[in-house]
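The values are calculated or read from the model by the stated rules, or taken from the named source; none is laboratory data. Owing to the predicted nature of the structure, the values given are computational and were not obtained by experimental measurement. For neighbour counting, all protein chains shown are included, and Cβ atoms are generated from backbone atoms with ideal geometry for every residue, glycine included. In case anyone asks, the SASA skips ligands and DNA or RNA and just uses the protein heavy atoms, side chains included. Shrake-Rupley method; radii C 1.70, N 1.55, O 1.52, S 1.80 Å.
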Amino acid sequence: MIFQPFARQETARLTMGQALIKFLQAQYTEYDGEVQRFIPAIWGIFGHGNVSGLSQALWEYGDDLPYYQPTNEQSMVHAAAGFSRTRLRMQTFACTTSIGPGATNMVTGAATAHINRLPVLLLPSDYYATRFQGQVLQDIEHPVSLDMSVTDCFRVVSQFFDRITRPEQILYALPEAMRVMTDPVNAGPATIALPQDIQSVAFDYPLNFFREQVWRVERRQPDKRRIQEAVELLKSADKPYILAGGGLHYSKAWRELREFSDRFGIPVGETHSGRGALQEESPLLIGGSGHTGTPLSGKYASDADLVILIGTRLADFATGSYSAWQNPAVKFISINVSSAHAHKLGALPLVADARDSLRELTTAALASGIKPNPGYVESLAVDRETWLQQKRESVYVQHPGERMSQAQVIGVLNDYMAAGDTLVCAAGTAPGDLHQLFEATAGRILHLEFGNSCMGYDIPGAIGVRLARPNDGEVYVFLGDGNYMLHPMELKTAMQEGAKLTVILLQNDGFQSIHGHQKALVGHSLGNEFRIRNQETGKLDDGDFVEIDFARNAESIGLRAWNVTDEDELKAALAEAKEETRSCMIVAQIERYSRLPRSGIWWDVFGAEVTHDDQTKRLVDEREDGRKGQRFYW
């Protein structure tokens with residue numbers, strides 16, 4: 001019997017790869033009435049597995065699906081994530097790779113997107129589904145499972161995973177991937193593993209598979225009873241405090257947060273991804289909150305008797321490893337589209353859209369007669385001015401005998417960046433310092449990837465930002481020299497696409513962030529600085545520093561570059577870079593070991609439980625003293 005499905009429908013005979021490419025060009029999202037293409041382009045590195053399948057399909061049928069060429073498979077996922085975040089998850093890119101190392105190179109990018117709840121469509125190639133070829137190049141040979149492959153690595157870092165072993169299976173896998181990626185709760189990477197033979201196998205696909213499909217992103221409404229319960233908690237609160245996370249941005253709840261904060265006199269702290277939640281300067285803005293936040297936010301978090309959590313998944317930096325809130329009577333309200341996150345800390349859960357929840361909560365609280373606590377607001381004003389003065393007098397200053405500090409560079413950027421400019425940063429000391437010091441107001445956008453703290457995200461992520469905002473302001477990349485070395489050649493991609501970036505490379509000769517942790521917990525240095533091995537001692541940590549000319553490295557790719565050592569040189573370089581049409585790099589020689597004022601919020605890092613080193617023991621004991629503040633909130 002000849003199996004012939006869909007015989008009564010009009011069909012087109014296409015390879016699976018061709019059908020996939022046609023399908024992607026017909027997918028749209030709708031949010032608040034705005035309709036846009038969900039996947040407007042595809043990134044890929046072609047190799048064994050996808051060169052004869054998807055590349056052929058893209059060449060023949062991808063007229064409206066532009067192709068971008070990265071230098072590393074991890075990088076293209078970062079670019080997709082940066083693009084998706086900038087487009088508030090309403091658009092993303094697809095990424096195709098070869099089998100084997102091409103596929104596994106994407107896993108770190110997938111993990112970063114997954115942790116940050118950013119949708120990307122990952123299309124790694126896979127083994128031959130027919131198995132006629134026996135064990136194939138670039139795949140594992142599992143001793144007890146013939147259907148296991150390297151692409152199974154993606155299962156734990158994907159919100160959706162499927163392997164296509166027959167061409168007709170994409171009829172069901174692709175719509176399901178679209179559903180997951182456009183779901184506000186489940187948004188994240190969708191991985192569809194594509195065996196290299198099946199990419200080129202033909203099938204008679206129903207034409208309605210290729211019709212335009214609009215995936216409407218809906219706003220879940222808050223439960224009326226929960227709103228009233230939240231009002232009762234607000235009534236009894238003397239020291240309320242708001243912690244705003246990244247979910248507030250995806251809900252576009254900026255105006256509603258400002259009104260709610262102003263109406264009831266509630267200070268606003270921001271997580272790393274929540275920075276910029278209050279888009280304009282406010283006397284109630286206390287900045288970055290948590291372990292790397294401001295001392296001001298640490299004080300008000302610790303004293304709060306009611307914490308209103310908005311769109312945050314409550315990672316350990318934000319919660320101080322469950323030690324940030326020390327008021328014995330503290331209670332929590334959590335506004336989140338995810339029930340799992342909304343119920344954390346035993347909070348009163350408002351499982352709903354942030355914008356509409358804040359609107360209803362504001363209306364109900366006003367009707368109940370809730371007003372600001374004047375004494376609380378006045379004390380905040382005094383404390384806030386003290387913190388601002390401290391920054392002016394002791395943080396943004398050049399100390400005698402030292403290089404320019406990282407804080408000084410941030411201070412210059414605060415003064416220099418204009419509305420519409422975006423600053424992108426990921427791992428190291430840089431995101432923590434920006435979390436505390438950068439002024440993400442007046443139209444300046446701070447894009448911190450700190451969910452995965454992924455080294456190498458910065459440059460490709462910034463390319464994604466630039467592609468999402470091709471004509472809107474400057475895109476700055478703020479990263480250390482250790483971070484830069486992971487994916488420097490994506491600057492080639494920026495030059496290739498005319499995606500102008502201005503990279504501010506902070507040269508401190510090593511991985512000084514983790515070096516600081518090492519010195520704080522171990523008391524000794526090992527393996528975190530770029531030093532030449534001392535031939536006399538045989539050690540790597542007491543030799544001279546390696547001299548690296550990063551500016552010349554950038555110039556070899558085609559960028560314009562500067563070396564700067566003080567604020568005047570930095571300001572001059574920024575001004576010249578702004579006039580350039582090509583990408584630029586400013587290499588700032590900064591103090592290696594400078595640190596910012598502490599937030600006062602502890603963070604749990606285990607030191608050696610047993611040691612014969614007195615210095616290590618002392619440091620571990622000091623660190624463990626902070627554990628007394630850990631609490632079980634419920």
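Points to keep in mind about this one:
- Translational D in µm²/s for the stretch 369-425 (Stokes-Einstein at 20 °C, 1.002 mPa s, Kirkwood Rh from C-alpha pairs): 150
- Between 0 and 90°, nearest 10: helix 458-468 axis offset from the chain longest Cα axis: 70
- Across the stretch 255-334, the convex hull enclosing all Cα atoms gives 88 Å³ per residue.
- Here is the size of the stretch 1-65 from its Cα atoms: Rg then Dmax, 15.3, 50 Å.
- Summed residue charge, Cβ within 15 Å of SER556's Cβ, Lys/Arg positive, Asp/Glu negative: +1
- Here the accessible area of the chain is 51 percent carbon and sulfur, with a 1.4 angstrom probe and all protein chains present.
- Cα gyration tensor category, rounded, prolate or oblate, for the stretch 369-473 with a/c compared to 1.5: oblate
- Whole-Hz ³J(HN,Hα) from phi, Karplus 6.51 cos²θ - 1.76 cosθ + 1.60, for the stretch 320-330, glycine and proline x: x, 6, 6, 9, 5, 10, 9, 5, x, 9, 4
- Calculated mean residue ellipticity, 222 nm, the chain: -10000 deg cm²/dmol, from DSSP H runs (n ≥ 4) at -39500 (n - 2.57) each, averaged per residue and rounded to 500.
- Amide hydrogen proximity for ILE308: with H placed 1.01 Å from N in the peptide plane, the residues at 5 or more positions away or on another chain lying under 5 Å are TYR241, ILE242, LEU243, ILE333.
- When the chymotrypsin sites (Phe, Trp or Tyr not before Pro) in the stretch 115-170 are filtered for DSSP coil states and for at most 10 other beta-carbon atoms within 10 Å of their beta-carbon, the remaining sites are PHE132.
- For ARG444, distant residues with modelled amide H under 5 Å away: GLY420
- Gyration tensor (Cα) of the stretch 420-569, equivalent ellipsoid semi-axes in angstrom: 29, 19, 13
- Taken along its principal axes, the alpha carbon cloud of the stretch 26-181 reaches lengths of 51, 35, 32 Å, longest axis first.
- Cα-based shape type of the stretch 498-590, given that a ≥ b ≥ c are square roots of the gyration tensor eigenvalues and the cut on a/c is 1.5: prolate
- Here the Karplus relation 6.51 cos²θ - 1.76 cosθ + 1.60, evaluated at θ = phi - 60°, turns the backbone of the stretch 554-567 into coupling constants of 5, 5, 5, 8, x, 7, 8, 9, 9, 10, 10, 10, 8, 5 Hz, with x for every Gly and Pro.
- Antiparallel DSSP beta bridges within the chain, as percent of all bridges there, nearest 5: 15
- Kirkwood Rh in Å, taken over the chain so that all alpha-carbon pairs contribute: 26.2
- Per-residue surface analysis assigns SER251 an accessible area of about 10 Å², computed on protein heavy atoms at 1.4 Å probe radius.
- Solvent-accessible area per residue, Å², over the chain with all protein chains present [probe radius 1.4 Å]: 41
- Residues whose amide H lies under 5 Å from that of ALA41, counting only those 5 or more places away or on a different chain, are ALA94; hydrogens are built 1.01 Å from N in the peptide plane.
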